[in-house]
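A.B. asks: First, the structure itself, so that you have it in front of you.
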Amino acid sequence: MQGKSHKIFSVVLGMLLLAGWVSGVLQAQQNPPPNAGGPGGARQSFEAFNRAIAAGDLTLLNNGAAISGTVQGDQFTFIVSDSGQSRTLNRSEIALINFGEKSDQLVLTTGSTLTGTVQMDQLTILLSTGAEVTIPKAETKITIFKLNLPVPTAGPPSEADRAAMFKIMQGLRSQNLFALFVKALTTYDLAVLSNQQLWSGTIVNQQFVFHTTLFGTVTLKASDVTSIELAADPTTESDYISMKTGDRISGVLDEGSSIQFQPVGLEDGQGQALTLTLNRGDVARVSFRLPASAFGGGGQGPGFGGGPGK
């Protein structure tokens, strides 16, 4: 499975390196395709991670959770294993930090790697909501710093830009991110915020009231739903609910069915998970936790070449 997983991931990342990759990513951030991935949504959920990398810093935890935002700190001190020397690196020089049990690894924006120890005990992430989440280093698996993709102004990117981005993508691919993204999607529910950043957590709604285009108003059990996509303006665009049956229903989510979400990392003073109300404008899409079979068969599950969602 690992070989095919790498192949699938390289294909997805390769989309960024082909002609028009910059404009494609930027457009995807603003207008993700309404039916990318189709019923089941495995491919659409997976592609959300690639958009998130260009939307903010993305941190993946050992427990499978994904949190987007801005990692606090402009400089990071790193003790290099080979030499024992201390290096101070600006965040603009780092593409990724892989936090290991015995040593850490940095993938630099030049494409090269360093092995050693990042001098920190915890990671603080500023969320787009304005809240901060602090995660112990021991609980953190990987942080991918926002890829500041060049904006196409006078044509396609230069060969130098392409070469640099290719090296970065190779460095990212070497971390087996496909498996980490799959773990996130099969461990937690996922909220894709309006700015395309991500947040793992738990959707607590028991049902949703949906004013469908064809069938009038219906009440759907949350246990039968795989994902909900919210249009920015329901007067000009449809919302969509995807069902476990493979059906995808257009209409408008009732205002009384605002999405109740318990995000990973936010707790009250008693250590209990906080429940946020994600209204239209806050969130573009929520996905319920996917079964492992969605990515089974070497990536041939729903959305990956084998059954619903292809």
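A.B. asks: Among the residues of the stretch 95-109, which ones are of a type in the set (Gly, Ala, Ser) and in contact with a helix residue (DSSP H, G or I) (Cβ under 7 Å, 6 or more places away or on another chain)?
C.D. replies: The one that is of a type in the set (Gly, Ala, Ser) and in contact with a helix residue (DSSP H, G or I) (Cβ under 7 Å, 6 or more places away or on another chain): ALA95.
A.B. asks: Something else: Report every pair of residues separated by at least 6 positions or lying on different chains whose Cβ atoms are under 9 Å apart, first residue within the stretch 207-227 and within 17 Å of LEU190 (Cβ to Cβ), second among the β-branched types (Val, Ile, Thr) and loosely packed, with under 12 Cβ neighbours inside 10 Å.
C.D. replies: Short answer, once both residue conditions are applied: PHE208/THR219.
A.B. asks: Another question, then. With at pLDDT 95 or above and either surrounded by 15 or more Cβ atoms within 10 Å (Cβ to Cβ) or not in a strand (DSSP E or B) (or both) as the only criterion, which of THR110, THR153, THR129, THR59 stands out?
C.D. replies: Just a single option satisfies the conditions, and that option is THR59.
This table checks each residue for (1) in contact with a Phe, Trp or Tyr (Cβ under 6 Å, 6 or more places away or on another chain); (2) without any contact (Cβ under 8 Å) to a residue 12 or more places away in the chain; (3) closer than 28 Å to VAL192 by Cβ.
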{"residue": "PHE78", "(1), (2), (3)": "no, no, no"}
{"residue": "ARG87", "(1), (2), (3)": "yes, no, no"}
{"residue": "ILE97", "(1), (2), (3)": "no, no, yes"}
{"residue": "GLY100", "(1), (2), (3)": "no, yes, no"}
{"residue": "THR115", "(1), (2), (3)": "no, no, no"}
{"residue": "GLN119", "(1), (2), (3)": "no, no, no"}
{"residue": "SER128", "(1), (2), (3)": "no, no, yes"}
{"residue": "THR134", "(1), (2), (3)": "no, no, yes"}
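A.B. asks: I need the full set of residues from the stretch 54-100 which are closer than 30 Å to SER287 by Cβ and among the hydroxyl-bearing types (Ser, Thr, Tyr), in order please.
C.D. replies: Scanning the stretch 54-100 gives THR59, SER68, THR70.
A.B. asks: Go through the stretch 268-281 and count every residue that is part of a loop (DSSP other than H, G, I, E, B) and surrounded by 14 or more Cβ atoms within 10 Å (Cβ to Cβ).
C.D. replies: 1
A.B. asks: Could you run through the stretch 79-102 and say how many residues are part of a helix (DSSP H, G or I) and surrounded by fewer than 16 Cβ atoms within 10 Å (Cβ to Cβ)?
C.D. replies: Total meeting the criteria: 2.
A.B. asks: Residue by residue through the stretch 244-292, note down the ones that are of a type outside the set (Ser, Thr, Tyr) and touching a helix residue (DSSP H, G or I) at 6+ places or on another chain (Cβ under 6 Å).
C.D. replies: Hits for the stretch 244-292 are LYS244, LEU290, ALA292.
A.B. asks: For the stretch 202-254, give me the residue count where each residue is crowded, with 17+ Cβ neighbours inside 10 Å, of a type in the set (D, E, K, R) and within 24 Å of ALA65 (Cα to Cα).
C.D. replies: 1
A.B. asks: Here's another thing I want to ask about it. Tally the residues that are at negative phi and under 21 Å from the mean Cα position of the chain (by Cα), restricting the search to the stretch 63-90.
C.D. replies: So the count comes out to 8.
A.B. asks: Would you call GLN105 modelled with pLDDT under 95 and in a helix (DSSP H, G or I)?
C.D. replies: Against the criterion (modelled with pLDDT under 95 and in a helix (DSSP H, G or I)), GLN105 does not qualify.
The values are calculated or read from the model by the stated rules, or taken from the named source; none is laboratory data. Nothing here was measured: the structure is a model prediction, and the numbers come from that model. We place every Cβ from the backbone using ideal geometry, glycine too, and count neighbours over all the protein chains shown.
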